[in-house]
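Worksheet: one structure, shown below.
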Amino acid sequence: MSRQPRAFRLDDPNVTGGAIQVTEEPFDAIEAADGVVVPMGERRRAPWMGILLSALSGLLVLGLGLAFERLIVDLYAIAPWLGWVGLALAIIAALAFFAIIGREVLGIWREQKIERLREAAVDALAVKDHKAAKGIVGDLIGLYGARSSAAQGSARLKALTDEIIDADDRLAIAERELLAPLDVQAKRAIAAAAKQVSLVTAVSPRAIVDVAFVIFAAVRLLRTLARIYGGRPGLFGFLRLAKAALNHLAVTGGVAVGDSLMQQVLGLGLAARISAKLGEGVLNGLMTARFGLAALSVCRPLPFIREEPPKIGDVAGELIHRAEAAAS
C-alpha cells in the first residue's frame, strides 16, 4: 500500500536513511533567466473613439431608415404606384450600399493578405523555414496565377514544388518569376507620375494648382501600384494604404522638405543654379517618385530578396538629367 505524501524537516532526528540528496539551486540559470526582459503588451485604452463613431453611425442608419420609411408611406398616401416606385428605389439603394460595403471589405482583406504574405516571408527568411516558404509561394501562385503574364512563371514554380530548395532560394525564384515583371510595371508607373507632376507644376501659374495636382497624382499612383501588385482598394482600403506608405516614408528617412531633396540628389551648387519654377517642378517630381517608392514597398507582397530595390535615380533619372541640362 502506498503512503500518503507528508512534509518533514531535514534536521529531524527521526529522518534516517541515505536516500536523501541535497543539491544546490542552479543560481546561475536563475540569474540568467532574471536578466531576460519579457516584452509586455501595450496597455490598451478603452476605444472610446471607435465606440463614438459606431454609435453615431448606428443612429445615422436608423435615422435614414425612418426617413425612407416615412417617405414611402407618404408616397403610398399620394398614390399607390408612387409608393411601389419608392420601395423599389429604396431596395436598389440598399443593394448598392451592401455592394459597396462588400467591395470595401474585400479590398481590405486583399491588402491584409498581401501584408501577411510579406510578414510571413520576412519570418521565413529569418529562420530558413522551408515549409513556410513553400506555403508562401503557393499563395503567390494563387494571387497571380490567373494573370496571363504570370502563367509561365506559375508553371515553373509549380514544377519546383516537390524539389528540395532552401527557403531563400525558393522565395527568390518566386520573386524573379512573378514579381520582377510587376516591379518593371511599377517603376514605369512611378517614373510616369513623377514626370507628369514635374511638367504640370513647372508651368502651372498657381501654387494651389501645384498642391492639388500633386495630391491627385499621388492618389492615382497609389491606386495604380495597388492594382499592379494585386490589391483592389476601396475608399477605406486606400486610406489604409496611404497611411502605411506615409509611415514607410517616415521610417525610411522622411519626406524631404524644401530644397533638401534636390540638394541631396543634385548637389547644392547645381540646385542653386536652376531657375525657381523649374526647380519647383523637379522637386515635386522627386517627391512624387519618393512617395511612389514607399508605396511600392507597401504594396509588394515580398521584401526585396535578390532583386535590386529601385532607387530614386531609377524612377526619376530623366528629371535629374533635365535639371542638369538646365543648370549647365
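Within region 269-284, is there a residue that is among the hydrophobic types (A, V, I, L, M, F, W, C) and modelled with pLDDT of 70 or more?
From region 269-284, those among the hydrophobic types (A, V, I, L, M, F, W, C) are 270-272, 274, 276, 278, 282-283; that's our starting set.
Filter once more, keeping what is modelled with pLDDT of 70 or more: 282-283.
Checking region 269-284: at least one residue is among the hydrophobic types (A, V, I, L, M, F, W, C) and modelled with pLDDT of 70 or more.
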Exercise for review: Looking at (1) charged (D, E, K, R); (2) farther than 17 Å from I228 by Cβ; (3) surrounded by fewer than 16 Cβ atoms within 10 Å (Cβ to Cβ), find the lone condition where R147 falls short.
Suggested key: (2)
Point to revise | L95 in a helix (DSSP H, G or I), surrounded by 15 or more Cβ atoms within 10 Å (Cβ to Cβ) and over 28 Å from the mean Cα position of the chain (by Cα) | key: no
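Every residue, every condition in (1) surrounded by 16 or more Cβ atoms within 10 Å (Cβ to Cβ); (2) more than 20 Å from A289 (Cβ to Cβ); (3) in contact with a strand residue (DSSP E or B) (Cβ under 6 Å, 6 or more places away or on another chain); (4) among the small types (G, A, S), yes or no:
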site: R188; (1), (2), (3), (4): no, no, no, no
site: V203; (1), (2), (3), (4): no, no, no, no
site: V211; (1), (2), (3), (4): no, no, no, no
site: R223; (1), (2), (3), (4): yes, no, no, no
site: I228; (1), (2), (3), (4): yes, no, no, no
site: G231; (1), (2), (3), (4): yes, yes, no, yes
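Check region 64-78 and report whether any residue there is within 30 Å of the chain's Cα centre (by Cα) and assigned to a helix (DSSP H, G or I). Quick ask: steps written out before the conclusion?
Going through region 64-78, the residues within 30 Å of the chain's Cα centre (by Cα) turn out to be none.
There is no residue in region 64-78 that is within 30 Å of the chain's Cα centre (by Cα) and assigned to a helix (DSSP H, G or I).
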Study note, to complete from the structure: Output for Cβ contacts, cut-off 7 Å, separation at least six or different chains, first residue of a type in the set (D, E, K, R) in region 146-165, second crowded, with 16+ Cβ neighbours inside 10 Å, reads R156/E177; K158/I141
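The values are calculated or read from the model by the stated rules, or taken from the named source; none is laboratory data. Remember, it's a predicted structure, so these values are computed and weren't measured experimentally. Don't worry about glycine lacking a Cβ; one is built from the backbone with ideal geometry, like all the others, and counts go over all protein chains shown.
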